[in-house]
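K.L.:
Got a structure here, written out as C-alpha cells. Questions coming.
Derivation of every value follows stated rules applied to the coordinates shown; laboratory data play no part. Remember, predicted model here, so these are calculated numbers, not experimental data.
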Amino acid sequence: MNKCMNCGSDVQSDANFCPVCGKPVSAADNSAQNAAQQNPVHNASVIPDTEPKSRLLAGVLGLLLGGLGIHNFYLGNTTRGVIQILVTCITCGIGAIWGFVEGILILCRQINSDGYGRPLKNDC
Ligand SMILES: [Zn+2]
C-alpha cells in the first residue's frame, strides 16, 4: 500500500491515481526531485579578503581625524566618511564632534564591526 501525498488515503501499490481525491500518486515525488535539481543560489561575495580592521587604529583615527571621516574610510564606510567631511565643512568644524564621538564609541567597544559587518580586531 502507498499513501496518497495529497489526502493521505491508502492507495493500491499499482494504482497511478488516488481513488479518494483523484490526484496522481507519484506526482509529489517528481516535484521533489525537480526542486532538488535546481541550481543553488550563488551569493557573490563583495567582502574583500583582508585582515580584520584594527579597533585601536580606527578609534585613534576617529579621535584625531574624525571630522574628516578617516576612520570610516579605513573601516570601509566610504559613504559615511564622505558625509562626515561634508558635515564638518558645512558646520565650519563643529560637526567634527560626530567623528570624534565615533572614535570614542569604537574604543569603548560600542562599535564592533567594520563597513562590511565583520568584527573588529580587539587590539586595545
Ligand atoms: Zn488522495
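K.L.:
What's the center-to-center distance, using Cα atoms, between the stretch 53-67 and the stretch 72-108 in Å?
P.N.:
10
K.L.:
Work out how much length Leu105 to Asp123 would gain on full extension: take 0.36 nm times their residue separation and subtract the Cα-Cα distance, in nm to one decimal.
P.N.:
5.0 nm
K.L.:
State log₁₀ I(q)/I(0) for the stretch 55-107 at q = 0.16, 0.17, 0.20, 0.22 Å⁻¹ as given by the Debye formula over alpha-carbon point scatterers of equal weight, solvent excluded.
P.N.:
Result of the Debye calculation: -0.33, -0.38, -0.52, -0.62.
K.L.:
Once amide H atoms are built 1.01 Å from N in the peptide plane, which residues 5 or more positions from Ser113, or in another chain, come under 5 Å H to H?
P.N.:
Amide H to amide H, under 5 Å and 5 or more residues apart or across chains, Ser113 pairs with Leu120.
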